[in-house]
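Chemist: Please see the structure below; I have some questions.
Every read-out reported here was derived from the displayed coordinates using simple, explicitly stated rules and does not represent laboratory data. Because the structure is a prediction, the values reported are computed rather than measured. Counting neighbours? That spans all protein chains shown, and the Cβs are built from the backbone with ideal geometry, glycine included.
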Amino acid sequence: MTSINTDKLSSARFAQATDAFVEIFTASVDFDQRMATQDIQGSLAHAKMLLSIHILTENEYQDIVNGLEKIQLEIEQGKFIWSIQQEDVHMNIEARLTELIGVAGKKLHTGRSRNDQVATDIRLYLRQEITVIQQQLKRLQIALLNLAEQEAATIMPGFTHLQVAQPITFGHHLMAWFEMLSRDKERLEDCLKRINIMPLGAAALAGTSYPIDRQMTSDLLGFTRPSNNSLDSVSDRDFAIEFTAAASLIMLHLSRFSEELVLWSSAQFDFIEMPDAFCTGSSIMPQKKNPDVPELVRGKSGRVTGHLMSLLMLMKSQPLAYNKDNQEDKEPLFDTVDTVVNSLRAFADMMPHIQAKKDNMYRAAQQGFATATDLADYLVRKGMAFRDAHEVVGLAVRLGLDTKRDLSELSLSELQKFSPKISDDVFDVLSLEGSVAARQHIGGTAPETVKVAIKTARQILNT
Ligand code: ARG
């Protein structure tokens with residue numbers, strides 16, 4: 001009789017034991033054990049379906065359920081012994097099940113393969129993590145709305161090319177961040193539509209000869225529907241790429257917020273006070289208070305974009321159907337989830353404690369001729385063509401530069417030298433308050449408009 005190596009997967013096929021290094025090199029259990037709960041969830045649904053088509057008896061099914069529940073508990077209590085010999089999360093759980101309940105455990109894998117099993121697990125995992133990310137996004141959005149409400153009328157300079165451009169309200173700036181996050185949420189929702197399709201039943205690649213009821217398994221697992229093509233089901237990782245792309249954009253947005261927070265908290269801008277609890281000191285320079293959290297988040301954004309590139313390259317040129325390459329999808333995905341959840345959490349925790357230094361913001365808006373466009377618009381309202389008005393204001397700005405004064409500090413007679421159309425009502429538009437208040441249309445920076453935008457946003461968030 002041939003002796004078989006019972007430790008090895010598909011052992012009868014092999015005359016030699018796996019090389020010890022190859023065993024370690026090819027194993028994924030160290031990281032894919034993170035999907036254990038989803039693996040058990042998938043197995044429970046598969047077993048129930050096998051019972052319904054009489055592949056399992058009622059007793060066998062009950063044994064499987066009890067065994068899997070025990071395993072779940074062992075994992076939660078940290079008592080489960082993960083083994084490299086069993087390669088991955090799927091084989092570890094199946095082996096333990098057989099150890100616990102005997103022959104019924106060996107029947108669980110009827111009509112499925114690890115190829116459709118792993119695809120199912122990742123989808124279940126991402127579906128769950130997306131709800132966690134959405135919760136953190138919402139927390140951050142609420143924090144932004146609260147701060148925006150408080151700062152709806154706070155005037156600061158708006159920038160283009162990082163040069164003072166026009167006065168805006170701080171509330172309006174914060175609402176711009178809010179909009180970015182709203183799109184992030186929509187992207188995740190959209191991506192979820194394609195994640196929530198069930199590959200189980202595709203088996204290794206060609207489906208199975210058992211009369212499986214895929215609709216039933218899909219319903220049990222809360223998927224929208226079973227997938228359409230068995231080959232595509234086991235090889236598709238588009239959904240993982242889409243998710244990582246959406247996550248990259250979230251991180252990209254956070255990196256932009258971070259950059260502004262870092263700038264604003266510098267002595268040169270001095271627009272905000274960062275909460276002490278989110279900053280650290282320097283080991284050598286006693287005066288320092290460094291904005292570590294935004295800096296770290298800005299840095300972390302790079303790794304998520306890196307993961308997106310890894311996944312794109314992982315899938316490029318892969319022939320149908322499953323290839324072992326795909327085992328490499330997990331670490332980038334898991335790290336993407338951790339990075340996004342933690343970064344959003346740090347931001348949501350920090351945002352309520354950020355304090356605007358209103359006087360400094362106001363003073364900065366007074367510099368750089370931020371109301372120059374308002375003066376041009378004023379002249380247009382008095383009948384001048386915009387290009388001519390642009391020219392006139394350019395001359396007024398030149399005088400301001402030469403005499404180190406803002407436009408609002410020039411006298412009426414000085415301004416009238418540039419155009420007789422200017423009268424003393426000009427000072428209303430040259431004030432920062434007048435400038436922002438005038439921008440009342442949808443999407444404008446006027447304090448009243450910002451308050452309406454906040455109110456609408458709150459309604460949408462609560463639905
Ligand atoms: N650990 C594997 C993975 O993550 C599971 C699927 C393995 N299938 C196979 N035929 N080797 O992709």
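Chemist: Can you list which of the trypsin sites (Lys or Arg not before Pro) found in segment 324-395 are DSSP loop residues with at most 16 other C-beta atoms within 10 Å? Write out the running numbers ahead of the final one.
Modeler: Values: sites: Lys324, Lys330, Arg345, Lys357, Lys358, Arg363, Arg381, Lys382, Arg387; in loops: Lys357, Lys382.
Those satisfying the criteria are Lys382.
Chemist: Find how many whole Å separate the alpha carbon centroid of segment 227-285 from the alpha carbon centroid of segment 19-90.
Modeler: A separation of 34 Å, based on Cα centres.
Chemist: I've got another one for you. Separation between the Ala206 and Phe31 pseudo-spin-labels, each 7 Å from Cα along Cα→Cβ, expressed in nm?
Modeler: Those two pseudo-labels are separated by 3.2 nm.
Chemist: Give the distance, in whole Å, between the Cα centre of segment 417-463 and the Cα centre of segment 181-217.
Modeler: Between the Cα centre of segment 417-463 and that of segment 181-217, the gap is 48 Å.
Chemist: Post the alpha-carbon centroid distance, segment 331-404 to segment 286-300, in whole angstrom.
Modeler: That distance is 23 Å.
Chemist: Here's another thing I want to ask about it. For segment 158-308, give the magnitude of the charge dipole about the Cα centre (Cβ charges: +1 Lys/Arg, -1 Asp/Glu; no others), in debye to the nearest 20. Write down the numbers at each step before the final one.
Modeler: Numbers: 14 positive and 18 negative charges, 45 e Å.
Dipole about the Cα centre, nearest 20: 220 debye.
Chemist: Could I ask something else about it? Treat the count of other C-beta atoms within 10 Å as a stand-in for reagent exposure and order His54, His46, His109, His353 from fewest to most. Please report the intermediate quantities before stating the final value.
Modeler: On the way: His54 9, His46 26, His109 19, His353 14.
In order of increasing Cβ crowding within 10 Å: His54, His353, His109, His46.
Chemist: Now a separate question. Points 7 angstrom from Cα along the Cβ direction at Lys324 and Asn66: gap in nanometres?
Modeler: 3.8
Chemist: Let me ask you something else. Per DSSP helix of 4 or more residues, -39500 (n - 2.57); summed, then divided by the residues of the chain. What does that give at 222 nm, rounded to the nearest 500? Could the numbers behind the result be given before it?
Modeler: On the way: 20 runs with 282 residues, N = 463.
When only DSSP H runs of four or more count, the value is -19500 deg cm²/dmol.
Chemist: Per q in 0.17 Å⁻¹, report the Debye log10 I(q)/I(0) for segment 218-314, using one uniform scatterer on each alpha carbon and no solvent.
Modeler: -0.83
Chemist: Would you mind ranking Thr371, Thr110 by Cβ crowding within 10 Å, fewest neighbours first? The partial results should precede the final answer.
Modeler: Working: Thr371 25, Thr110 16.
Ascending Cβ contact count within 10 Å gives the list Thr110, Thr371.
Chemist: Expressed as a rounded percentage, what relative contact order does segment 84-220 have, with Cα pairs under 8 Å and six or more residues apart? Intermediate results must be reported in sequence, preceding the final value.
Modeler: Working: 122 pairs, mean separation 41.9, N = 137.
Rounded, it is 31 percent for segment 84-220.
Chemist: Here's a follow-up. Would you mind calculating the gained length between Asp219 and Asn290 on full extension (0.36 nm times residue separation, minus the Cα-Cα distance), in nm to one decimal? Intermediate results must be reported in sequence, preceding the final value.
Modeler: On the way: separation 71, 0.36 × 71 = 25.56 nm, distance 5.13 nm.
Full extension of this stretch gives 20.4 nm more.
Chemist: In nm, give the distance between the simple-model label positions of Ala20 and Gln77, each being 7 Å from the Cα along the Cα-to-Cβ direction.
Modeler: Label-label distance for Ala20 and Gln77, simple model: 3.3 nm.
Chemist: Quick one: dipole size for segment 343-463, taken about the Cα centre, charges +1 on Lys/Arg Cβ and -1 on Asp/Glu Cβ, in debye to the nearest 20. Don't jump to the answer; show the numbers that get you there.
Modeler: Values: 16 positive and 15 negative charges, 90 e Å.
Charge dipole, segment 343-463, about its Cα centre: 440 debye, nearest 20.
Chemist: Dipole of the chain, Cα-centred, from +1 at each Lys and Arg C-beta and -1 at each Asp and Glu C-beta, to the nearest 20 debye?
Modeler: Values: 48 positive and 60 negative charges, 115 e Å.
It comes to approximately 560 debye.
Chemist: A further question follows. Rank Ser317, Val293, Leu395 by how far each Cα sits towards the positive end of the charge dipole of segment 284-398 (+1 on Lys, Arg Cβ; -1 on Asp, Glu Cβ) and give me just the farthest.
Modeler: Selected residue: Leu395.
Chemist: Counting only complete DSSP H runs, which helices of the chain cover 15 Å or more along their long axis at the Cα atoms and score a mean Kyte-Doolittle of -1.0 or above?
Modeler: Details: long enough: 36-52 (24 Å, 0.17); 58-76 (27 Å, -0.81); 89-101 (18 Å, 0.43); 114-150 (54 Å, -0.32); 170-195 (38 Å, -0.53); 238-264 (39 Å, 0.89); 292-315 (35 Å, 0.38); 330-350 (30 Å, 0.08); 386-403 (26 Å, 0.34); 447-462 (23 Å, -0.06).
Flagged H segments are 36-52, 58-76, 89-101, 114-150, 170-195, 238-264, 292-315, 330-350, 386-403, 447-462.
Chemist: A further question follows. Relative to the present Cα-Cα distance, how much length would full extension add between Arg345 and Val103 at 0.36 nm per residue of separation?
Modeler: On the way: separation 242, 0.36 × 242 = 87.12 nm, distance 4.62 nm.
Separation in residues times 0.36 nm, less the Cα-Cα distance, equals 82.5 nm.
Chemist: In addition: Give me the number: length gained by fully extending Asp359 to Thr131, i.e. 0.36 nm times residue separation minus the C-alpha to C-alpha distance, one decimal in nm. Don't skip to the end; give the middle numbers.
Modeler: Numbers: separation 228, 0.36 × 228 = 82.08 nm, distance 4.02 nm.
Between Asp359 and Thr131, full extension yields 78.1 nm more.
Chemist: Next question, about the same structure. Tell me the Kirkwood hydrodynamic radius of segment 319-387 in angstroms, computed as one over the mean inverse distance between distinct C-alpha pairs. Mind dumping the intermediate values first?
Modeler: Numbers: mean 1/r = 0.0549 Å⁻¹.
Kirkwood radius, segment 319-387: 18.2 Å.
Chemist: So in the chain, what percent of DSSP beta bridges are antiparallel if you round to the nearest 5? Let's see the in-between values first.
Modeler: Details: 9 of 11 bridges.
Counting DSSP beta bridges with both partners in the chain, the antiparallel share is about 80 percent.
Chemist: Another question about this same structure. Based on the Cβ-Cβ distance from Leu263 to Gln150, what FRET efficiency comes out when R0 is 22 Å, to the nearest 0.05? Please report the intermediate quantities before stating the final value.
Modeler: Values: r = 21 Å, r/R0 = 0.95.
That pair, Leu263 with Gln150, gives E of 0.60.
Chemist: Could you please rank Phe369, Phe170, Phe269, placing first whichever residue has the fewest other Cβ atoms within 10 Å of its Cβ?
Modeler: Phe269, Phe369, Phe170
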